[in-house]
Every structure is written in C-alpha cells, then in structure tokens.
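Worksheet for the structure shown next.
The values are calculated or read from the model by the stated rules, or taken from the named source; none is laboratory data. Because the structure is predicted, anything quoted here is derived from the model rather than measured. Cβ atoms come from the backbone with ideal geometry, glycine included; neighbour counts cover every protein chain shown.
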Amino acid sequence: MSVASFPPAEGGGGAGGFYYNITAGGTYTVNLAAGLYDVRSTAPITVGGVAVNGDMGLLNYPSGIASLIAVPAFEDFVARTSGFGTNNINGVTFGDGLYVAVGDSGTLTTSSDGITWTTRTSGFGTTGIRGVTHGDGLYVAVGASGTLTTSADGITWTTRTSGFGSTAIRGVGFGNGLYVAVGNSGTLTTSPDGITWTTRTSGFGATTIIGVAHGDGLYVAVGDSGTLTTSPDGITWTTRTSGFGATTIFGVTHGDGLYVAVGVSGTLTTSPDGITWTTRTSGFGATLIIGVAHGDGLYVAVGDSGTLTTSPGFVPITAALSLEPKLPLITLP
C-alpha cells in the first residue's frame, strides 16, 4: 500500500473545513478536534473507521484521531467475516444484486453487499461445493461426484444432471449465453440453459481444470500446473502463458475491464485481454486463494479457512474528501 502525507486542498467549502485531494491509496494520519462534521467524498474512503462514499452527512468524531483516512489502493483487499468459520470457501459469484459464496461441507452463503453474509441451504448436503456462477437469471453451483444444482434466487436450489457422471466438477462460468463447467481430467461441458450439457475438448488434456470465466467476448479457463486457455466461443481453446509458472491457478473472473486469476500462496494476477498477465498483491499473504468474483463495483476473493476479502478495484483511486465542522468543537481534557 502506498503511504504518504497530503495537505488540505485550498477552497471547496466553508471556512474552517478540512479539504483533501487524494491521488494514491494509503492510510493518512491527521488530527481532528472532537466535534460534529459534515463528511463527503467522491470515492470510497474510510474515515475514522466509517466507510464514506458520497454525501455521508453528519458524523461525530473524538479528538486526536490518528490514521483517520484510509483509501484503498489497487492492491488492497479488506478482510471480511464470511460465515464459513474455518471451512474453505471454494467459489463466489455475483448476479441480480446478490453475491453467492460456496465451499466445503455443502456450505453456501449469500450477501447483498459482499460484507454481511447469510448461510443458506445449498442442496449439496455435506458434499463439497467447488464453484458457482450466475447468468441469464440463473445461479449454477457445482461440486464433487458430478453434482450440479441451479437456483433462480440463490436460496432455493434444484439438482440437475451435469454430464460429468461421478467426475468432480471444479468450476463453472457463464458468458455470451453459454454456461461452461470444468473439472477433473480436463473435462469441460457447455450448456445454453444450465440443464442440458454437452462435452467439449478443453485443451487441457488430462490436466484438471479448476476455474472458468467470461468477459469482453472471451472465455478463460484455468487449472493445475499454471495452465490457462482462452476461447471466443467456449468450444475451441488456445493455451496461453499465465504468469503462474507451474503453480496451480484456482479461480478466475472478469470485471471492470479486467481479468483476475488467483491461486496458491496468495498469488493474484490481472490481465486486460486474458493473454498478458501482471502479478498483484492480494492481501492473502501465503494463504491459498481459491475463488474470485466481481460485481456491483466490488471484487471478492475467497480461500482457505473461511478467508474472504473485498476490494473496490485494481486502479489507483483519485478522490476528494471534505470534513467541515458543523458545531462548535469540544476540547477534551
């Protein structure tokens, strides 16, 4: 995270206010006298531990606040409580205003904001759920023993025939009117409706495929040994260099014009085209990242031991912040 001090900007409000132009992510130390402030920002910023985005309105602060303003940079993922406890989270998706996260022991949770999560009944029993996607008004979850379920709302799930037999399904994605499911032994199937599935040649040979996503007219599939392939139609696949070397890639997503791939040892890479990849700092340290999704302006990354983090994006933030006193300030002893 880039850390730097910054001065109040001139103008932009009433007398006595604090005004900041912020051009880099970081945690900035300021001292405010205690009192009531009208707080406004042009981008997501944490002020005194309270998330601010836009016209937040009146907030009361104590005096002597240090590290008051925290601005997410492109590498900042904030840890959240997932509702999985110590169970691994294996996949996450977003659709119709809802995030859905899935994992070991049939655990499935939903969230409207990526921060507060509610446990749901998945239809998997205690069978591990390995992946989930959303498209065309339908959520699709996949897992061990070829198990595949669908849901219109992320809450009530119906078991379907997957075309995998008893082969484990490791991931599923949607794009351009097509669902794509991937799994062990290079197995890849496609479906126009999430119900009827057709087996395809994946380009992985016998290598396990773990994740798949679609964006900007391109499908991207990832898996063991750093293998990454792309396809314009979900049927014909081309092998690419992933930036993971021989390290396993566990998940991939697309959002805000960027592909994001994740894997072992907290590895996270991004690409604007699915072909050239750049390594980023994930916030997971050495913890395995198993899945990643994007929706409603937020990236959500999930992994081992119930770890779940969120990030607003992978580009430096430029923001303006105003803190204008609204009542006489109180000097605390």
For this session: Kindly indicate whether Gly257 is modelled with pLDDT under 90, more than 24 Å from Thr119 (Cβ to Cβ) and of a type in the set (Gly, Ala, Ser).
Result: yes
For this session: Hey, could you check the stretch 158-183 for residues that are over 22 Å from the mean Cα position of the chain (by Cα) and within 21 Å of Thr121 (Cα to Cα) and say which is surrounded by the most Cβ atoms within 10 Å (Cβ to Cβ)?
Result: Ser162
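Quick grid of which residues meet (1) touching a Lys or Arg at 6+ places or on another chain (Cβ under 9 Å); (2) modelled with pLDDT of 95 or more:
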{"residue": "Phe84", "(1), (2)": "no, no"}
{"residue": "Asn88", "(1), (2)": "no, no"}
{"residue": "Leu98", "(1), (2)": "no, yes"}
{"residue": "Ser105", "(1), (2)": "no, no"}
{"residue": "Gly125", "(1), (2)": "no, no"}
{"residue": "Val140", "(1), (2)": "yes, yes"}
Exercise. Do you know which residues across the stretch 150-177 are in contact (Cβ under 8 Å) with a residue 40 or more places away in the chain, out of contact with any Phe, Trp or Tyr (no Cβ under 8 Å at 6 or more places or on another chain) and in a strand (DSSP E or B)?
Worked result: Arg170, Gly171, Phe174
Exercise. Can you find a residue in the stretch 98-107 that is in contact with a Ser or Thr (Cβ under 8 Å, 6 or more places away or on another chain), surrounded by 24 or more Cβ atoms within 10 Å (Cβ to Cβ) and of a type outside the set (A, V, I, L, M, F, W, C)?
Worked result: yes
For this session: Determine which single condition Thr208 fails, assuming it passes every other condition in (1) touching an Asp or Glu at 6+ places or on another chain (Cβ under 7 Å); (2) of a type outside the set (A, V, I, L, M); (3) surrounded by 20 or more Cβ atoms within 10 Å (Cβ to Cβ).
Result: (3)
Exercise. For the stretch 138-149, does any single residue satisfy the condition of being in a loop (DSSP other than H, G, I, E, B), over 20 Å from the mean Cα position of the chain (by Cα), among the β-branched types (Val, Ile, Thr) and assigned by TED's automatic domain parsing to the domain that holds Val220?
Worked result: yes
For this session: Could you please find all residues in the stretch 278-305 being assigned to a strand (DSSP E or B), of a type in the set (A, V, I, L, M, F, W, C) and under 9 Å from Gly266 (Cβ atoms)?
Result: Ile289
